[in-house]
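Heads up: the structure comes next, in structure tokens.
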Ligand SMILES: [Fe+2]
Ligand SMILES: [Fe+2]
């Protein structure tokens, strides 16, 4: 399994760090992920990340979605299946951004020191901006009009079962517990593990990588591509804040390691099931998909689990625990894939990949 890249070229890091919103249109998502690895390795302080936030600020109002709207209309009928698959992913992100905007403020208030509170204040603004970005995109491109409130209401029932376990359940519960007792450091650590590690470090980073990869391969939605790459760069700061906060918690008090481990294990299965989404039937089978647009479920599984474990490693957790996360995570995906076949009475796309490369299976 690959881990943090050590050989990241400084010019790649510099280009991602300093790109304007317009320049982000030409930045490849893999380069943003290389920059994230570099940042992860350098363990930035909350104030380092705050300074990045000042330099990397962007405005949703600068984006022009007119070409995107044309592309979306052009896909109607011809690429209907892809349109549906893309819209489902957009919806999960839109709802996800709203959920994290609404739950962060108790964590800002309960942060254990002033530097962390200053950084988390910037994150709160970022999450609000991401929600507004999706609201504009849904309004002007997808055609879900009527403003933020109506749009969220219209797409609310388009989630997957496991999404509700984490976003409507644990994320709300743990941040409410922080609100009720902001002096309880262990609860704050549990909220960071949920929010910054599982929701952002595992789920958002995985969704972003594959979504931006597909949009780039299709050569469509330039406004979305620039804005969502800016979102990914914001997430890089958020996730790195979380990793450092957990590293400090673990270094201060060994018992916090157990708090982190228990929370990861509690959320691992639903997190894997959000990505695998067994209750949602794919509308486009891999056989009907052009080779450059096919996404292997094995690749998604490995990416999501590696995304989580490499951050847990930097946070100071043991190799034994990380191996257990990978083993249990892989088994959770296997169960979700076989549930998919039971629910829909069709082969899961993994079968296609098993035939292509039997060593995967
Ligand atoms: Fe966000
Ligand atoms: Fe975020």
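Considering only region 41-48, I want to know if a residue exists there that is within 19 Å of the chain's Cα centre (by Cα), crowded, with 18+ Cβ neighbours inside 10 Å and at pLDDT 90 or above. Show your work before the answer.
We begin by selecting, within region 41-48, every residue within 19 Å of the chain's Cα centre (by Cα); these are none.
No: zero hits.
Tell me, which residue of region 109-121 that is touching a residue at least 40 places away in the same chain (Cβ under 8 Å), in a helix (DSSP H, G or I) and over 18 Å from the mean Cα position of the chain (by Cα) is nearest to ligand 1 (Cβ to nearest atom)?
119
Does residue 197 satisfy being in contact (Cβ under 8 Å) with a residue 40 or more places away in the chain and on the phi > 0 side of the Ramachandran plot? Working first, answer last.
Details: in contact (Cβ under 8 Å) with a residue 40 or more places away in the chain: yes; on the phi > 0 side of the Ramachandran plot: no.
Considered against the rule, which asks whether it is in contact (Cβ under 8 Å) with a residue 40 or more places away in the chain and on the phi > 0 side of the Ramachandran plot, residue 197 comes out as no.
Taking region 122-132, which residues are within 12 Å of ligand 2 (Cβ to nearest atom) and in contact (Cβ under 8 Å) with a residue 12 or more places away in the chain?
Within region 122-132, the subset within 12 Å of ligand 2 (Cβ to nearest atom) is 122-131.
If the condition is that a residue be within 12 Å of ligand 2 (Cβ to nearest atom) and in contact (Cβ under 8 Å) with a residue 12 or more places away in the chain, then 122, 123, 124, 126, 127, 128, 129, 130, 131 are the ones that fit.
For residues that are over 22 Å from residue 53 (Cα atoms) and assigned to a helix (DSSP H, G or I), scanning just region 213-233, find the one that is modelled with the highest pLDDT. If you could, list the steps in order and put the result at the bottom.
Keep residues of region 213-233 that are over 22 Å from residue 53 (Cα atoms), which gives 213-222.
Pick out the ones that are also assigned to a helix (DSSP H, G or I) and you get 213-218, 222.
Working: 213: 92, 214: 91, 215: 92, 216: 92, 217: 90, 218: 89, 222: 96.
Out of the qualifying residues, it is 222.
Is it the case that region 260-274 has a residue that's surrounded by fewer than 20 Cβ atoms within 10 Å (Cβ to Cβ) and either modelled with pLDDT under 95 or under 23 Å from residue 284 (Cα atoms) (or both)?
no
Which is under 21 Å from residue 211 (Cα atoms), surrounded by fewer than 16 Cβ atoms within 10 Å (Cβ to Cβ) and in contact (Cβ under 8 Å) with a residue 60 or more places away in the chain, of 299, 285?
Working: 299 fails: in contact (Cβ under 8 Å) with a residue 60 or more places away in the chain.
Among 299, 285, only 285 is under 21 Å from residue 211 (Cα atoms), surrounded by fewer than 16 Cβ atoms within 10 Å (Cβ to Cβ) and in contact (Cβ under 8 Å) with a residue 60 or more places away in the chain.
Failed condition for residue 352, given (1) in contact (Cβ under 8 Å) with a residue 12 or more places away in the chain; (2) surrounded by fewer than 14 Cβ atoms within 10 Å (Cβ to Cβ); (3) over 19 Å from residue 203 (Cβ atoms), with all others met?
Checking residue 352 against (1) in contact (Cβ under 8 Å) with a residue 12 or more places away in the chain; (2) surrounded by fewer than 14 Cβ atoms within 10 Å (Cβ to Cβ); (3) over 19 Å from residue 203 (Cβ atoms), the one that fails is (2).
The values are calculated or read from the model by the stated rules, or taken from the named source; none is laboratory data. From a predicted model like this one, the values you see are computed outputs, not experimental measurements. Here Cβ is always computed from backbone atoms with ideal geometry, including for glycine, and neighbour counts include all displayed protein chains.
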